[in-house]
Amino acid sequence: MTSSLLFNITTLLYLASMLAFFAALVNRTKSFFGSAGSFTAFGGLLLQTIAIGLRWKESYTLGVGHAPLSNLYESVVFFSWTIVLIYGLLDLKYRYRVIGAFVMPFALMGMAWAHLGMKSGIEPLVPALQSNWLLYHVITCFLGYAAFAVACGISIMYLIRENHERAAQSKKESIVSTFPTSRVLDDLNYKAIMIGFPLLTLGIITGAAWANYAWGTYWSWDPKETWSLIVWFIYAAFLHARITKGWVGRRAAWLSIIGFAATIFCYLGVNLLLSGLHSYGG
Amino acid sequence: MTTNEKSWPQSIRDFFCSLKLTMFLLITLAVISIIGTIIPQGSPPPEYLQTISQNKLKLYQTLGFFDMYHSWWFILLLSLLCINLIACSIKRLPHIWQTITQPVLVMSDGLEKTLSSRTMFITNGDSSTLRDRIAAVLKAEFADPVITIDGGAFHLFAQKAPWSRLAVYAVHLSVLVIFIGAIIGSLFGYKGYVNIIEGQTISNVMSRTDKEIDLGFALRCEQFSVAKYPNGAPKEFKSIITVLENGRPVPDYTNVRVIVNDPLTYKGITFYQSSYGNAGDYFFTVSDVSGKEGATFKVDRNSSVTLPDGSSMHIIEETDDVSTFAPALSGPAVQVEIHDQRGGAEKVIVYANHPELNIQHAKEHSGGLVLQYKGSQKRMYTGLQVAKDPGVWVVWLGCLLMVVGIYVAFFMSHRRIWVRVENGTITIGGNASKNQAGFQLFMEQLVTKFKKQLPLEDNK
Ligand code: HEM
């Protein structure tokens, strides 16, 4: 059994999970589809966990042993894993299954892109990445990013639902009326960001600690660092928005979507479009 | 004069206390930080001129776009953020402090109406028995209550984690602490670099602003080496370094290994492996186009020599095997730059194994001098980054405060419960600063427990 086979099955399970959630939206009399969506997602998560562990082990067999977090392929796979993990936690705690319909596509896109568009070979670590800080830094950052992905999915759902509520009354029987109410979605959005913000903060701090340990400067305004700070500012604005009148609801949802767009730029755009010290990408 | 008009100091205070300003500052900082990630920071002006016009260069320079994170307007925005933060805290803290240290012990009708969670039921029995039973349940399930008598009724008050309300202020304070750490670092520390050739000893380093800094001790590079993976990718860059005091090696700092991700720290100054190169001598002969052996001379990597015709030459790049660049050729080669006396400059590749190409080049160019490359004598140098930052511990302290503060602010909640026992009527109210839904659930279970413990005529 190789890790790449397991990764392929995982991708299929995420696809199945997403389709089941779509079915749950359309067919709201049967709770079967929602549960099926969740269970396939959990199954995929379990399989992917095993696959990541296996890939880790395979790298030792190849004599270049390191955690599978060292290039774009491995990071995208790990990103998908964290998205499903965070979704799973929210699902277990709050049981609003259907948000899976807006979250699983992110995980699926990650897996599909990694496996169709990237080289998946295990490569040795360049000297700059040979540090335990890599592990702490990448894990905290990606868990944060994943929570923001979930929040973004919820915010899109919120905007659709809120539009529907405003147009309201006339057409009661539409797909949108299966969504949780806009108040619930607004609250879930906040909860997801409450998970993501501390993790991103930890991610930035571990990054700074690593930079200080490896280069003697905890902050050098490298594009990636700056973008992570931009993301952090946006979510700090989101948190304060809830205390200020007039910045809740739609505007908060938009802040969350813009925040995730900035997150994706920080993760991918910076490597593909700007130059700097971070060596992922390409 | 209308009462709406505010005095000057008052409106300034309101301006700095407003959360609208906070939103404005956070979003503005996010948006303008983008500029510095698109325009490369701190490159020398000629590099910019390759992509933008002279006028734009002037404009960007005046606006500080090439070092924008240190420009006056960026610092101004950060200062405004700090003032906003301090002003907001000063305004709100006394009230919060009072909530924590002087809790409201009695649930008045006014307070009752504001509570998110309220229940009332009627029971029978003697008031002081009811009071004791309720107190016992509160103590077992929640927290030890304070009991007050007011207006002929017993009032019980219990709370948990009141100090969690301070967490937000700890987070805000942490931002200031981190800034203070950064300021200490920039006032009392420095960043620099130094290149040391194998066997050489240095005691000065160059700061980023091109000032020489005396270390107060000396550093010798014993050896530098590069290890590679089988596929040719670099595996390890390693310097062996010895620290010397008064010319004598310091015992625990002799032959220390310095690699990427594993620096050397001595007396608060840290040295990081960052680059390397060959500082050795390069040997050439020079003759006329007839091609007979000419005089030998050497050039070292960091200086230039004057050739017989008065032009000068220095080394740009070397390779041990040109075939990686030009598959038809082989052997070592160097790229040199020759400046003639009229101010012209020319880059030339000089080969070791292909004298005919060197002659051909000389014939095609006016100079007529033939250079032949005779190889080099390698002497590696190691490039170390040097940093001293006495403020870094303050920064980590701020980070720790921030992480703990955020955790408490998000995941802990100040919960308060009031109970009024009045003529057999029990009124229970409570609220929580976070996670109201969870608290509601807890309150429902608590009320069930009360009911179990009390003699009761439920008049539902
Ligand atoms: C311009 C600067 C800032 C001002 C004036 C400001 C002001 C405030 C105020 C008034 C509150 C509400 C406190 C309460 O509920 O009583 C708050 C909450 C908070 N602030 Fe700030 N803040 C600023 C910057 C920041 C920054 C840079 C961070 C970054 C970590 C931050 C993190 C928080 C957090 C985590 C909360 C709690 C939010 C929640 O409970 O959802 N603040 N801030």
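What follows is calculated from the coordinates using simple rules that are stated; it is not laboratory data. Only a predicted model underlies this, so the values are computations on that prediction, with no experimental measurement involved. Cβ placement follows ideal geometry from the backbone for every residue including glycine, while neighbour counts extend to all protein chains displayed.
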Karplus-derived 3J(HN,Hα) from phi for the stretch A:37-48 (6.51 cos²θ - 1.76 cosθ + 1.60, θ = phi - 60°), whole Hz, x at Gly and Pro, runs x, 4, 5, 5, 4, 5, x, x, 4, 4, 4, 5
With θ set to phi - 60°, apply the Karplus curve 6.51 cos²θ - 1.76 cosθ + 1.60 along the stretch B:22-35 and write out the HN-Hα couplings as whole Hz, x wherever there is a Gly or Pro.
-> 4, 4, 4, 5, 4, 6, 4, 4, 4, 5, 6, 4, 4, 3
With an 8 Å cut-off on Cα pairs and a minimum separation of 6 or more residues, tell me the relative contact order of the stretch B:281-375 in percent.
-> 29 percent
Under a Cβ-Cβ cut-off of 10 Å, what is the net charge of the residues other than B:Ile240 that fall near it, where Lys and Arg count +1 and Asp and Glu count -1?
-> +1
If you take the beta carbon distance between B:Leu111 and A:Val26 as r and set R0 to 51 Å, what does 1/(1 + (r/R0)^6) give as a FRET efficiency, to the nearest 0.05?
-> 0.60
B:Thr101 paired with B:Val250, simple spin-label distance in nm, labels 7 Å along Cα-to-beta-carbon | 4.8 nm
Each residue of the stretch B:444-451 in order: what ³J(HN,Hα) in whole Hz does its phi give by Karplus 6.51 cos²θ - 1.76 cosθ + 1.60, θ = phi - 60°, with x for Gly and Pro?
-> 4, 5, 5, 4, 4, 5, 4, 4
Take the protein assembly as shown, compute every pairwise Cα distance, and split them into 10 Å bins from 0; I just need the percent in each bin.
-> 2, 10, 16, 19, 19, 14, 9, 5, 3, 2, 1, 0, 0
Give the shape of the stretch B:54-207 as rounded, prolate or oblate, defined through the alpha-carbon gyration tensor: a ≥ b ≥ c are the square roots of its eigenvalues, a/c under 1.5 means rounded, and otherwise the shape is prolate if a/b is larger than b/c and oblate if not.
-> prolate
Restricting to Cα pairs under 8 Å and 6 or more apart, the percent relative contact order of chain A works out to 18 percent
Evaluate the relative contact order of chain B (contact order divided by residue number), counting alpha-carbon pairs under 8 angstrom at least 6 apart; express in whole percent.
-> 21 percent
In debye, nearest 20: dipole of the protein assembly as shown around its Cα centre with unit charges on the Cβ of K, R (+) and D, E (-)?
-> 2900 debye
For peptide B:225-231, the mean count of other chain Cβ atoms within 10 Å per residue Cβ is 2
If amide H atoms are modeled at 1.01 Å from N in the peptide plane, then the residues at a separation of 5 or more from B:Ser117, or on another chain, having amide H under 5 Å from its own are B:Gly430
By how many degrees, 0 to 90 and rounded to 10, does the Cα axis of helix B:72-101 deviate from the longest principal axis of chain B?
-> 20 degrees
Label B:Thr425 and B:Phe15 with points 7 Å out from Cα along Cα→Cβ: what is the distance between them in nm?
-> 5.2 nm
Please list the non-local residues whose amide H lies under 5 Å from the amide H of B:Tyr276, H modeled 1.01 Å from N, same-chain partners needing a gap of 5 or more.
-> B:Gly383
Plugging the Cβ-Cβ distance of B:Glu364 and A:Thr61 into 1/(1 + (r/R0)^6) at R0 = 56 Å yields, to the nearest 0.05, a FRET efficiency of 0.50
Name the shape class, rounded, prolate or oblate, that the alpha-carbon gyration tensor gives for chain A, where a ≥ b ≥ c are the square roots of its eigenvalues, rounded holds for a/c under 1.5, and otherwise prolate holds if a/b is larger than b/c and oblate otherwise.
-> oblate
Please name whichever of A:Ser80, A:Gly34, A:Ala151 sits farthest to the positive end of the charge dipole of chain A, dipole taken about the Cα centre and charges placed at Cβ: Lys and Arg +1, Asp and Glu -1.
-> A:Gly34
What chymotrypsin sites (Phe, Trp or Tyr not before Pro) does the stretch B:172-257 have in DSSP loop regions with at most 10 other beta carbons within 10 Å?
-> none
As straight-line cross-link partners of B:Lys347, the qualifying lysines (C-alpha separation under 22 Å, not fewer than 8 residues apart within one chain) are B:Lys298, B:Lys363, B:Lys374
